[in-house]
1. For the range 100-130: of the residues being more than 16 Å from ligand 2 (Cβ to nearest atom) and of a type in the set (A, V, I, L, M, F, W, C), which is nearest to the chain's Cα centre (by Cα)?
2. So, restricting to helices (runs of 4 or more DSSP H) that lie completely within the range 41-147, which ones have at least 1 residues that are more than 9 Å from ligand 1 (Cβ to nearest atom) and under 26 Å from residue 17 (Cα atoms)?
3. I'd like the residue in the range 207-220 that is within 14 Å of ligand 1 (Cβ to nearest atom) and touching a helix residue (DSSP H, G or I) at 6+ places or on another chain (Cβ under 6 Å) and, out of all such residues, is farthest from residue 195 (Cα to Cα).
4. Which members of the range 221-277 meet the condition of being more than 19 Å from residue 113 (Cα to Cα), of a type in the set (Val, Ile, Thr) and more than 16 Å from the chain's Cα centre (by Cα)?
5. Which condition breaks for residue 395 when tested against (1) part of a loop (DSSP other than H, G, I, E, B); (2) open to solvent by less than 50 Å² (accessible area, probe 1.4 Å)?
6. Yes or no: residue 91 in contact (Cβ under 8 Å) with a residue 60 or more places away in the chain and either of a type in the set (Phe, Trp, Tyr) or closer than 19 Å to residue 53 by Cβ (or both)?
7. Is it the case, given these coordinates, that residue 221 is in contact (Cβ under 8 Å) with a residue 40 or more places away in the chain, of a type in the set (Val, Ile, Thr), open to solvent by 40 Å² or more (accessible area, probe 1.4 Å) and part of a helix (DSSP H, G or I)?
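The values are calculated or read from the model by the stated rules, or taken from the named source; none is laboratory data. These numbers were taken from a predicted model, which means no experiment stands behind them. All Cβ positions, even for glycine, are placed from backbone atoms using ideal geometry, and neighbour counts span all protein chains on display. Ligands, DNA and RNA are excluded from the accessible area calculation, which covers all protein heavy atoms including side chains. Shrake-Rupley method; radii C 1.70, N 1.55, O 1.52, S 1.80 Å.
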Amino acid sequence: MADSSLAIAILAAGKGTRMRSALPKVLHRLSGLTLVENVLASTALVQPTRKLAIVGYEADQVKAALSNVLDIEFVAQTEQLGTGHAVQQVIPALEGFTGDLLVLNGDVPLLMPETVEKMLKTHRENGNAATILTAQMDDPTGYGRVFCDQHAIVKEIIEHRDCNAAQRENNRTNAGIYCFNWAALMTILPHLKADNDQNEYYLTDVIKDLSPVMAMDVSPTEVAGINNRKQLCEAEAVMQQRIKAELMLSGVTLINADSITIDSTVTIEADVTIEPQTNLRGRSVIKAGCRIGPSSLVEDSTIGANTTLVHSVVTDSEVAANGRIGPFAHIRGHALVGENCRIGNFVEVKKSVIGNNTNAAHLSYLGDAELGERVNVGAGTITVNYDGKNKHKTVIGDRTKTGANSSLVAPITIGSDVTIGAGSVLTRDVEADCLVFARSPQKSIPGWKPKYLRDEQKS
Ligand code: UD1
Ligand code: CA
């Protein structure tokens, strides 16, 4: 008798030959997460007590991609001898286990958590030996075909390549998502044979020997498998539609939504407007009231409330509330921009801390710098942070104004309330409350003319 404990096993050992890639298939990305992370996300509502990932091809890379998943256990499949062989590898790990095993293909990333929850409920209510997800596909080419009676009781699954012409007419396909009573599966799984066209151990072969096995039809979209990059692109379109629909219903305005991409890992508060050609990626957070775009990229960054960001790129950084960013600003490398700041046209901010109410409106590079509050960075100010080997720090105190085209050669500390004359090249620290300039004095030479003019006037 099965108890209510649940283990999941994700098949992630294959290479994915049809992707034509050096990267294992399950590590290709879909809306910001790897395929295998998307698959894991589909189990969010079922609380598994054990989480197993079967890894083989480039196992270390796959393990690294899942290393932040709590309590995940990796099971090695050193040779990829088929999906049945893959599940056989979990037998030692599940010694003494008495619950149900949910098996998920690592390349079926659009599955909804609600579907998995419903599948498990159906499985348990009916006391099934196995419950499988199926879909009636317009074009079932490549998928295993599921043969059922009129009560959705499954007789067998036959792989596309092992089907005869009549069997191929059946458009009910196997999704590769199974819930097994583990004890029942254990009576069959160890005895699989590889007598098929591919000489592989097929997990699908256990079905004909288990009873009862029930099929649960779901939408073809949800269980589409990714075997090549064309299918990856189609899945991306579906995922983007889902993400954007959810955001719009939660109070986010998307202008020309088709031109925008948003990762599933991005958080956007209500009353944000995203303008066309904007891409929001990674663990980014966009706070209420922002206007982002057109044509902007925000990656792994937080944008504070009521900030506008136009034609700009922000990566790995944080902009606090009421910012005015762009057009054409680049904020990167763990930069922290304070509240009410203006980072304007062609300004790059790298690994710098910018105090509240500070402005850098035009044509500047601020790298490895620490700016106080109410600083005004004059047009063309450059922190000269790199000597060709090491990076050095620039510190600028509150209310200081850097003149246009000043070069601040780091390491350098400039006090508060300093005015820097335009065109200065500063190489030494500057005390607070002063005017400082470092440039060649201006000279006029009365009556001077170019030689050709003097020659003309002589003749
Ligand atoms: C499999 C099913 C097929 C179903 C389809 C749904 C079998 C025999 N066939 O076919 O009925 O319609 O999925 O998408 O199961 N893997 C391993 N180790 C292996 C082989 C595969 O871990 O030795 C993993 C792959 O990494 C992949 C998954 O299992 O994540 C499915 O393998 P794949 O080769 O894509 O199976 P399909 O031919 O698509
Ligand atoms: Ca597949």
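1. Among those residues, the one meeting the criterion is 112.
2. So the answer is 59-65, 83-88.
3. So the residue we want is 218.
4. Across the range 221-277, the qualifying residues are 252, 253, 255, 272, 273, 274.
5. (1)
6. Answer is yes for this residue.
7. yes
Here is a yes/no grid of residues against (1) in contact with a strand residue (DSSP E or B) (Cβ under 6 Å, 6 or more places away or on another chain); (2) surrounded by 11 or more Cβ atoms within 10 Å (Cβ to Cβ); (3) of a type in the set (A, V, I, L, M, F, W, C):
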{"position": "128", "(1), (2), (3)": "yes, yes, no"}
{"position": "132", "(1), (2), (3)": "yes, yes, yes"}
{"position": "140", "(1), (2), (3)": "yes, yes, no"}
{"position": "144", "(1), (2), (3)": "yes, yes, no"}
{"position": "148", "(1), (2), (3)": "yes, yes, yes"}
{"position": "156", "(1), (2), (3)": "yes, yes, no"}
{"position": "159", "(1), (2), (3)": "no, yes, no"}
{"position": "162", "(1), (2), (3)": "no, yes, no"}
{"position": "168", "(1), (2), (3)": "no, yes, no"}
